[in-house]
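Here is the structure we will look at.
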């Protein structure tokens, strides 16, 4: 399957910025709230787990250490170069796949868990990536992904301006968001739920993340701490494939 126009744009952008990104943000994502506190993925021992948009493979490595049969997928060759380096440094190795999350090379029902943390589900068209994630999940499998909240996106016009307290984008028109050489995606909450239902996914939870009062982040383009303490800047959809 040929890459979509936005996938081509994002691949070029990530290949160009990957070195700087990993140098600055490698230790954590946004506020770094640990899985031990969130308990979204649960016990992964022996489970087939796929990370969509694995970047340098930090999550893939951690889950492999916890006994998962982990696989990392990313569209950016340069991000995967960093994943190979990090696996060599840590001595933890897992398969890495160069592909778009909108059209993966995996068989139906290949995984027990598919997840993403500010990766492919932020930069892929939801109408493509959600059905694809559902396809490669076994019945009863878990699909969980973290991304910016719709509230953050409608309060942040992008470019040089940061997120504010004014609604800037039309909520009901949310879909493709273009900022310079990057394309991201978002949907209104009702559209997300209808898409999940069409894809055979059942919503188990929506975790709206609130950082600790003393939390720190390396992401200066994201919501300031004061903003994220008042309104959800990130949310995790927790979904289960029906038919178990």
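Readers should treat all values here as calculations from the given coordinates under stated rules, not as data from a laboratory. No experiment lies behind these values; they were computed from the predicted model shown. FYI the Cβ positions are ideal-geometry reconstructions off the backbone, even for glycines, and counts take in every protein chain you see.
Report relative contact order for the chain in percent, whole number only (criteria: Cα-Cα under 8 Å, sequence separation at least 6).
Values: 465 pairs, mean separation 47.6, N = 244.
Computed value for the chain: 20 percent relative contact order.
For segment 105-145, list log₁₀ I(q)/I(0) at each q in 0.24, 0.26, 0.27, 0.33 Å⁻¹, using the Debye formula over Cα point scatterers of equal strength and ignoring solvent, two decimals each.
Result of the Debye calculation: -0.78, -0.89, -0.94, -1.17.
Helix-only mean residue ellipticity at 222 nm, the chain, DSSP H runs n ≥ 4 weighted -39,500 (n - 2.57), per residue, nearest 500. What is it?
Here the helix-only value at 222 nm equals -9500 deg cm²/dmol.
Calculate the translational D of segment 73-173 in whole µm² s⁻¹ from Stokes-Einstein, where the hydrodynamic radius comes from the Kirkwood formula applied to all Cα pairs, the temperature is 4 °C and the viscosity 1.567 mPa s.
Numbers: Rh = 15.8 Å.
Taking Rh from Cα pairs, D becomes 82 µm²/s.
Return the whole-Å distance between the Cα centroid of segment 77-93 and the Cα centroid of segment 177-225.
Going from one Cα centre to the other spans 27 Å.
Give me the base-10 log of I(q)/I(0) for the chain at each q in 0.12, 0.14, 0.16, 0.17 Å⁻¹, Debye formula, one uniform scatterer per Cα, rounded to two decimals.
-0.66, -0.93, -1.27, -1.47
Just to be sure I understand the model, the point goes 7 Å from the Cα along the line to the Cβ. What's the resulting residue 180 to residue 202 distance in nm?
With each label point 7 Å from Cα toward Cβ, the separation is 4.4 nm.
Separation between the residue 85 and residue 43 pseudo-spin-labels, each 7 Å from Cα along Cα→Cβ, expressed in nm?
Result for the modelled spin labels: 3.8 nm.
Treating only the Cα positions of segment 139-219 as identical point scatterers, give the base-10 log of I(q)/I(0) from the Debye formula at each q in 0.14, 0.20, 0.24 Å⁻¹.
-0.62, -1.09, -1.29
For segment 185-244, what percent of Cα pairs sit more than 15 Å apart?
Numbers: 1052 of 1770 pairs.
Of all Cα-Cα distances in segment 185-244, 59 percent exceed 15 Å.
Would you mind calculating the gained length between residue 216 and residue 242 on full extension (0.36 nm times residue separation, minus the Cα-Cα distance), in nm to one decimal?
5.6 nm
Highest mean first, how do 145-157, 11-23 rank when packing is the count of other Cβ atoms within 10 Å averaged over residues?
The packing order, highest mean first, is 145-157, 11-23.
Give the order of 37, 47 when sorted by the count of other beta carbons within 10 angstrom, beginning with the fewest.
Fewest-to-most ranking of 37, 47: 37, 47.
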